[in-house]
Each structure stands twice: as C-alpha cells, then as structure tokens.
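**Q** Encoded as structure tokens, here's the structure I'll be asking about.
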C-alpha cells in the first residue's frame, strides 16, 4: 500500500484566486523544487556523500559530478554514486549507505548551502500578491525541514512535501497534488518552478504549468525538456508568470 505524502502546513500565508493587478494576473500558487532551484546545496550533499563512500573504501566525487547525481532522493544518489564507482548496487548495501548518507547529511545540512540570488525577493513579491507558496522536493523530509529553518525559508511556505518512504517521488505527481490541495489551488491555476526532467514529468501528469531555471543541476538544454518557460535568473520570474497567466486569462 502506498503511503500518503506528508504535507506540512504552516501558518501565515493566504491564497487567493488568479490575482488581478489591472490586466495582469498571477497564478494562485507557485510550488518550488528545492535542490538546484531554490537552494544551491550541492557542496553539502557532496560532503555527506564523501563521508558515506569512505565507509566502504570508495573515493569522493567533486561537486560538479555530484550535481549530476542529485535528483530522485537519497537512494537514487547512492545508486548513481555506486555505479560511477564501478561498485555493484546490492540492495543491502544501498539501504545501508542511504541510511549513513542521511545521518551524515542531517548532522550538517547547511555548512555551505545558500539560497540562490534573487530567490528571497521573488518569494517576497509573490507573498505580497497573495500567491500561495509550497515546496515539492524528493529530499528527505527531516533534512528538508532543518534546511528550510536554517536558511530562514520556512516562514514563506504554507505546504511542504518532501521525501518519505512509501510515498512516490517526482516525476510521480502525488506530492505536487498534495501540496496544491493544501494550498487550495487547482493544478491549472498554479506553477511548478523547478530545474529537471522530473519536475517536467511531475507537472505534466498533474496538469500544472511548469517553469524551469537554467542554473539548476539538471544540465543540458532546459528548453529541450519542454517547459512552459525558462528563466535564467529569479528577477525574470514575475514577468514570466504574469505573461503566462495574463495570456491564459484572455483565452
């Protein structure tokens, strides 16, 4: 039986309908991916992964290589690291190393992690317009909560869905749908803002428009993934969102 995603509710944020500012409209909710979208966490992930691999005598990877392994949750990270090391990914080994990785990472999740430039300004601008804000990430839930608190981001989000055993991860839409339900928003009147093919797949199945950042961890040509828009900096986000939803409103 598949578990239900834990969606943490937070006080203080209000959501409204498609929000008119004269002829300009914004989405009812914007849901953010975390790693590679809202925060640059690769250095701390690489550090915890290096300590984990050292437990079985395997060498560490540089941060740029680790970026290519991020996405899909801790288990996928371990599986990709073992494959890149030439080590067979036996089930017991993957389970043990995943647990070790999460223990190391939880102990020090925010030594080098930072919020991407312009993200706070964007969150403030969306909140000022009554747009509901959520997080949908495959990162383990306990680590997600600790990071959001350490970075001062927890005050912005009314709903947070993160990785839990038994809950399908992106590109499955389960977590995204749960976040939007908590925010009181339908997928078609919302946006998922992410950086990867998993975000695209998740949003498309849910029926939610998707905007990708070009500076994330997915690499390659984000335009080729087929998002509704690509932004190269968060300063571009508000005009892009307004354009998407003002155009939709007149159809």
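**Q** Rounded to the nearest 500, what is the chain's calculated 222 nm mean residue ellipticity when only DSSP H runs of at least 4 contribute -39500 (n - 2.57) each, over all residues? Spell out each step's value before the answer.
**A** Working: 9 runs with 102 residues, N = 251.
So the calculated ellipticity at 222 nm is -12500 deg cm²/dmol.
**Q** What number in nm² do you get for the range 146-251 if you take the convex hull of its Cα atoms and divide its surface by four? Provide the component values of the computation, followed by the final result.
**A** Numbers: hull surface 30.4 nm².
About 7.6 nm², averaged over all directions.
**Q** Continuing with this model, one more query. For the chain, give the share of DSSP beta bridges that are antiparallel, in percent and rounded to the nearest 5; count only bridges with both residues there. Don't jump to the answer; show the numbers that get you there.
**A** Numbers: 8 of 27 bridges.
Roughly 30 percent of the DSSP beta bridges within the chain come out antiparallel.
**Q** So, by mean Cβ neighbours within 10 angstrom, what's the order for 126-137, 235-246 with the highest one leading?
**A** Working: 126-137: 22.3, 235-246: 17.5.
Descending packing order for the listed peptides: 126-137, 235-246.
**Q** Pairing the Cα long axis of helix 197-206 with the longest principal axis of the chain, what angle in degrees results, from 0 to 90 and rounded to the nearest 10?
**A** That helix lies at roughly 50 degrees to the long axis.
**Q** Then there is this: For the chain, calculate the relative contact order in percent as a whole number, restricting contacts to Cα pairs under 8 Å that are 6 or more residues apart.
**A** Values: 484 pairs, mean separation 72.4, N = 251.
Relative CO of the chain lands at 29 percent.
**Q** Still on this structure, please answer the following. Sequence gap at least 6, Cα distance under 8 Å: using those rules, report the relative contact order of the range 42-107 to the nearest whole percent. Please list the in-between numbers first.
**A** Numbers: 55 pairs, mean separation 24.5, N = 66.
Normalised by residue count, the contact order of the range 42-107 is 37 percent.
**Q** Could you work out the per residue convex hull volume over the alpha carbons of the range 42-107, in cubic angstrom?
**A** Values: hull volume 4.6 nm³, N = 66.
Once divided by residue count, the hull of the range 42-107 is 70 Å³.
**Q** Oh, and also: Quick check on packing: order 138-150, 97-109, 188-200 by the mean number of other C-beta atoms within 10 Å, highest mean leading.
**A** Working: 138-150: 20.2, 97-109: 18.2, 188-200: 24.5.
Those peptides, ordered most packed to least, come out 188-200, 138-150, 97-109.
**Q** Obtain the nm distance between the two label points defined at residue 84 and residue 221 by a simple spin-label model: each point lies 7 Å from its Cα along the Cα-to-C-beta direction.
**A** With each label placed 7 Å out from Cα toward Cβ, I get 2.5 nm.
**Q** Just to be sure I understand the model, the point goes 7 Å from the Cα along the line to the Cβ. What's the resulting residue 110 to residue 188 distance in nm?
**A** Spacing of the two 7 Å Cα→Cβ label points: 3.9 nm.
**Q** Going by the alpha-carbon gyration tensor, a ≥ b ≥ c the square roots of its eigenvalues, is the range 78-118 rounded (a/c under 1.5) or, if a/c is not under 1.5, prolate (a/b greater than b/c) versus oblate?
**A** Details: a/c = 3.93, a/b = 1.92, b/c = 2.05.
Cα axes put the range 78-118 in the oblate bin.
**Q** Further question on the same structure: Helix 74-85 versus the longest principal axis of the chain: what is the Cα-based angle in degrees, 0 to 90, to the nearest 10?
**A** That works out to roughly 50 degrees.
**Q** I've got another one for you. What are the equivalent ellipsoid semi-axes of the range 99-177, built from the alpha-carbon gyration tensor (square roots of five times its eigenvalues), in whole angstrom, biggest first? Intermediate values should be presented prior to the final figure.
**A** Working: eigenvalues 105, 66, 16 Å².
Semi-axis lengths for the range 99-177 are 23, 18, 9 Å.
**Q** Starting from 0.36 nm per residue, how many nanometres of slack lie between residue 243 and residue 92 once their C-alpha separation is accounted for?
**A** 49.4 nm
**Q** Sticking with this one: Where does the chain land on Rg/Rh, using Cα atoms and the Kirkwood Rh? Don't skip to the end; give the middle numbers.
**A** On the way: Rg = 18.0 Å, Rh = 18.4 Å.
We get a ratio of 0.98 for the chain.
**Q** Right, here's the next one. On C-alpha positions alone, give me the angle between the axis of helix 119-128 and the longest principal axis of the chain, in degrees, nearest 10.
**A** Once rounded, the angle reads 40 degrees.
**Q** Okay, next question. So if each residue of separation counts as 0.36 nm, and I subtract the Cα-Cα distance between residue 64 and residue 228, what length gain in nm does that give?
**A** Details: separation 164, 0.36 × 164 = 59.04 nm, distance 2.71 nm.
Roughly 56.3 nm would be gained on extension.
Rule-based calculations on the coordinates, nothing more; no lab input. Because the structure is predicted, anything quoted here is derived from the model rather than measured. Note: ideal-geometry Cβ built from the backbone for every residue, glycine included; neighbour counts use all protein chains shown.
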